[in-house]
1. Counting only residues that are more than 12 Å from the chain's Cα centre (by Cα) and basic (Lys, Arg), how many does the range 51-78 have?
2. From Leu42, Leu21, Leu75, grab the single residue that is open to solvent by less than 50 Å² (accessible area, probe 1.4 Å), in a helix (DSSP H, G or I) and not charged (D, E, K, R).
3. Take the conditions among the hydroxyl-bearing types (Ser, Thr, Tyr), open to solvent by 10 Å² or more (accessible area, probe 1.4 Å) and assigned to a loop (DSSP other than H, G, I, E, B) and apply them to Ser28. Does it pass?
Amino acid sequence: MIEIHTPSEFEAYLQQDKPILLDFYTDSCNPCKSLLFILEKLSFKHKEQVVFLKTKADQNIELAKQFGITKVPTLIILKDIENIERISGLITENGLQLKLKEILT
């Protein structure tokens, strides 16, 4: 996973021709830590098909506001610069794998 710190860093990834999974988290969030383990595993598995990004919602406030983030963890999955999926809270590895399969087919 790639850590981003500013909206401009995020925008640079929008130029790629791959779907983007963006994880909003904080260091003090226990569900975020559990989800990070799942995301790391899936990012290795799907590294050729999906760009996996993460950002601290409490430090990248401008980007968090842009996506209307009110709680963490929140995942935003984008394809073709469109918000196609928003997942708030903890999701299982199988659940997230199914979401990725949907956007990759």
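The values are calculated or read from the model by the stated rules, or taken from the named source; none is laboratory data. Here the structure is a predicted model, which is why all the values come from computation and not from measurement. Note: areas computed on protein heavy atoms with side chains; ligands, DNA, RNA excluded. Shrake-Rupley method; radii C 1.70, N 1.55, O 1.52, S 1.80 Å.
1. Adding up the residues that qualify gives 2.
2. Leu42
3. Taking the combined requirement at face value, the residue satisfies it.
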